[in-house]
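A short reminder: the numbers here are calculations on the coordinates, not readings from a lab. Keep in mind that this is a model prediction, so the values were computed, not measured. Heads up, the Cβs are rebuilt from the backbone with ideal geometry, glycines too, and the neighbour counts pull from every protein chain shown.
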Amino acid sequence: MNYLTTISTLDPALIRKEFPVLQQKVNGRDLVYLDNAATTQKPMRVIRALTDYYNGYNANIHRGIHTLAEKATHAFEQTRETVRSFIHAQLVEEIVFVRGVTEAVNLVAATYGLAFVEEGDEIIISNLEHHSNIVPWQWVCEKKKAKLLVIPLNDVGEIDMNKFKKLLSDRTKIVAVNHASNSLGTINPVKEITRLAHSKGAVALIDGAQAGAHIAIDVADIDCDFYCLSAHKMYGPTGVGILYGRKSILEKMPPYQGGGEMIREVTYKKTTYNDLPYKFEAGTPNIADVIAFRGAMEFILELGKENITAHERKLLSYASRKVGALPLVTLIGRASEKVGVLSFVIENIHPFDIGQMLDARGIAVRTGHHCTQPLMACLGINGTVRASFAVYNTEAEVDALVESLKRIIKFLNSSHVN
Amino acid sequence: MSIKSAQDEIIAEVSTLNGDIEKILFYIISLGSVLPVMPKAFRIDNNLIQGCHSKVWLVATAKSDRVSFYADSDTAISKGLISLLLRVFNGQTADEIIKADIYFNQKNQLERYIGTKRSNGFAAMIERIKQIVRPPDPPTP
């Protein structure tokens, strides 16, 4: 399928045909889905892959020798190879399947963190982090009596690199930051952050949840030690994610969960563990969704990451201009490099009210703290309205958002509420 | 006006909006905007209703056997929802409030328009109103 109108311009009308969920009305109006940072919609090929699997070759993988088991195993491992290529990792055994970024970070914290962080050591995160990249490190610090340090932001919502350099020390063991912020959209200089972490002998973990569908990922170029992705945020199914880990580090890490698949031999006296990546994949995995995930990555590759980035950047610029021009609106997060996330507040109108009234007109956005409560506290707000874009969003949808916001502002100001 | 009459009035008003969700939300918000202002001193954590998605403060006062309420919220829709309940309950006796069967939300299918979270919050508001007017349990001998 050719989704391009010119060499480099995406055709959202063509793309939208691939997404059945978008062809519906909500509260009598065409659905305008602008909550892609929460989860993206799924193209037909991903949905079909799920039914094909369950209709055609459902079997447990890696253990059976019958035809269905072989077919399922092959499809499962094909996805692993696709992930390796997608993120430019060197080795397929560096790709571990998990449930999502949350599990990926918890895995690293519970294994690498607890094994190698000692009393007095330091773990550095940024003020942009999602709770999933805060709480597991808090637990490590509590258990090991280590310190959690937070890189502050500048006025536009970017990591303050000068302050980061001052936080780094010989006690820094782990630096964990997101590639792009789910609340503000800021794209972080992860290659430079990784280089600085390595200069102090620390490992770098990058949370790529908001990058997977939207910007280029090259773990070889970034040179990070861990990179985490969630399939459902990149047109794939829920319940699947990946942890990329540098082989030499994964080999040093103790297992995360015990059970089938991750063992080589079990006796009551002693158990030995399987090779990478299976050491970290205990139990029956989410086979169907891993297989279907490959279709999501192929979809992205067919469109071309650079085309996706350009399309979403254009939408973001258009939306920022139009929404930012509305009375009483303040845009939150004005970094020079952003993914397609637009957060804003409207004076005297609570984000929950805005979200609900947008929903009344078929427009889906996210409201609240977006699982970044410390960031919101630092910004002095209780939450924002967040519109987040994907390849199937259009300028007409941004216009619909703007028109609805105008109505809400007009009505709520004339009601003299709050 | 009785609890039943107040509810029937609300049902009649909402039915003129023909299920238009935006109009219903505007209606709810408009009602909330004319709630008497709650004294700042009452906007404390102890007066928050638990189980609401937004912050909703509620205080009850009594004059002879009639109960009056002050309420406020940090969101316009929740303020509107609590104002609907105050319209039903203000000026009633504690006994009438405790025994009241609240049916206007179901008759109007309110959950369709305000969603599950706020609907659960609405139920929490009713529960709190009834709880707050209940006389304290007598001391055990």
- Task: Distance between Cα centroids, the stretch A:99-131 to the stretch B:68-111: provide it in whole Å.
- Result: 47 Å
- Message: Suppose the chain between residue A:116 and residue A:131 were pulled fully straight at 0.36 nm per residue; how much longer would it get relative to their current alpha carbon spacing?
- Response: 3.2 nm
- Just grab the label-to-label distance for residue B:5 and residue B:63, each label 7 Å out from Cα along the Cβ direction, in nm (one decimal). 1.8 nm
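Let me make sure I get this right: for the stretch A:313-418, a, b and c are the square roots of the gyration tensor eigenvalues over alpha carbons, sorted descending. Under 1.5 in a/c it's rounded, otherwise prolate if a/b > b/c, else oblate. Which is it?
Details: a/c = 1.59, a/b = 1.09, b/c = 1.47.
Judged from the Cα gyration tensor, the stretch A:313-418 comes out oblate (a/c at least 1.5, b/c at or above a/b).
Give me the dipole magnitude in Debye, nearest 20, for the protein assembly as shown about the Cα centre, with unit charges on the beta carbon: positive for Lys and Arg, negative for Asp and Glu. Write out the running numbers ahead of the final one.
Numbers: 63 positive and 60 negative charges, 130 e Å.
Roughly 620 debye, rounded to the nearest 20.
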- Item | Cα-projected label distance for residue A:220 with residue A:65, points at 7 Å along beta-carbon direction, nm | 3.7 nm
- Query: Among A:131, B:53, A:232, which comes first, then next, by fewest other beta-carbon atoms within 10 Å?
  - Reply: A:131, B:53, A:232
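Return the percentage of antiparallel bridges among DSSP beta bridges fully within the protein assembly as shown, rounded to the nearest 5 %. Spell out each step's value before the answer.
Details: 40 of 60 bridges.
Just about 65 percent of them are antiparallel.
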- Query: Which far-off residues, 5 or more places away or on another chain, put their amide H under 5 Å from the one on residue A:337, with H placed in the peptide plane?
  - Reply: A:187
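Please tell me which of these pairs span more than 28 angstrom C-alpha to C-alpha: A:145/A:166; A:147/A:252; A:145/A:233; A:42/A:305; A:145/A:338?
Numbers: A:145/A:166 21 Å; A:147/A:252 23 Å; A:145/A:233 34 Å; A:42/A:305 17 Å; A:145/A:338 36 Å.
Exceeds cut-off: A:145/A:233; A:145/A:338.
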- Note on the structure: When B:13, A:129, A:122 are ranked with the fewest other C-beta atoms within 10 Å first, the list becomes B:13, A:122, A:129
- Item | Size descriptor, Kirkwood hydrodynamic radius, that averages inverse alpha-carbon separations across the stretch A:245-310, Å | 14.5 Å
- Message: If I take all pairs of Cα atoms in the stretch A:131-195, what percentage of them are more than 15 Å from each other?
- Response: 56 percent
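How much length, in nm to one decimal, is gained on full extension between residue A:364 and residue A:309, taken as 0.36 nm per residue of separation minus their Cα-Cα distance?
On the way: separation 55, 0.36 × 55 = 19.80 nm, distance 2.17 nm.
Full extension of this stretch gives 17.6 nm more.
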- Other protein chain Cβ atoms within 10 Å, averaged over every residue that makes up B:110-123: 1
- Neighbour-limited loop hits for chymotrypsin sites (Phe, Trp or Tyr not before Pro), the stretch B:9-118 (at most 16 other Cβ within 10 Å; DSSP other than H, G, I, E, B): B:103
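Taking all pairs of distinct Cα atoms, average 1/r, flip it, and tell me the Kirkwood hydrodynamic radius of the stretch A:1-62 in Å to one decimal place.
Values: mean 1/r = 0.0701 Å⁻¹.
Kirkwood radius, the stretch A:1-62: 14.3 Å.
Summing Lys, Arg as +1 and Asp, Glu as -1, what charge do residues with Cβ under 9 Å from the Cβ of residue A:198 carry, residue A:198 excluded? Numbers along the way, then the final one.
Values: positive: A:195, A:200; negative: A:223, A:225.
That works out to 0.
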- Task: Would you mind ranking B:84, A:149 so that the residue whose beta carbon has the fewest other beta carbons within 10 Å leads the list?
- Result: A:149, B:84
- Message: Kirkwood hydrodynamic radius, computed over distinct alpha-carbon pairs, for the stretch A:54-129: how many Å, to one decimal?
- Response: 15.5 Å
- Query: What percent antiparallel are the DSSP beta bridges of the stretch A:195-257, to the nearest 5?
  - Reply: 60 percent
- Report the local net charge at residue A:171: Lys and Arg +1, Asp and Glu -1, summed over other residues whose C-beta lies under 11 Å from its C-beta. -2
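Could you work out the relative contact order of the stretch A:329-418, using alpha carbon pairs under 8 angstrom and six or more residues apart, expressed as a whole percent?
30 percent
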- Kindly give Rg over Rh for the stretch A:155-300, based on alpha-carbon atoms, with the Kirkwood expression for the hydrodynamic radius. 1.03
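Taking only the Cα atoms of chain A, how large is their convex hull per residue, in Å³? Walk me through the intermediate numbers first.
Details: hull volume 62.9 nm³, N = 418.
That works out to 151 Å³ per residue.
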- Task: Find, among the trypsin sites (Lys or Arg not before Pro) in the stretch A:338-367, those assigned to loop by DSSP (not H, G, I, E, B) with at most 12 other beta-carbon atoms within 10 angstrom.
- Result: none
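Residue separation times 0.36 nm, minus the C-alpha to C-alpha distance between residue A:377 and residue A:170: what's the value? Before the final figure, lay out the partial values.
On the way: separation 207, 0.36 × 207 = 74.52 nm, distance 2.99 nm.
So the chain would gain 71.5 nm between residue A:377 and residue A:170.
Excluding residue A:101 itself, calculate the net charge of residues whose Cβ lies under 12 Å from the Cβ of residue A:101, where each Lys or Arg counts +1 and each Asp or Glu counts -1.
Working: positive: A:99, A:233; negative: A:103, A:129, A:207.
Once all neighbours under 12 Å are counted, the net charge is -1.
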- Across 10 Å bins from the origin, how do the percents of Cα pairs in chain B run, short distances first? 12, 43, 35, 9, 2, 0
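Per residue and in cubic angstrom, what volume does the convex hull of the Cα atoms of the stretch B:11-87 have?
Working: hull volume 8.6 nm³, N = 77.
Each residue corresponds to 111 Å³ of Cα convex hull volume.
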- Task: Among A:183, A:206, A:266, pick out the residue whose Cα is farthest towards the positive end of the charge dipole of the stretch A:144-295, where Lys and Arg carry +1 and Asp and Glu carry -1 on C-beta, about the Cα centre.
- Result: A:266
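Would you compute, from DSSP H runs of 4+ residues alone, the mean residue ellipticity of chain B at 222 nm, taking -39500 (n - 2.57) per run and dividing by the full residue count, rounded to the nearest 500? Working shown, then result.
Working: 6 runs with 74 residues, N = 141.
That calculation yields -16500 deg cm²/dmol at 222 nm.
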- Which GluC sites (Glu not before Pro) does the stretch A:320-415 hold that lie in a coil by DSSP with at most 13 other beta carbons within 10 Å? A:337, A:347
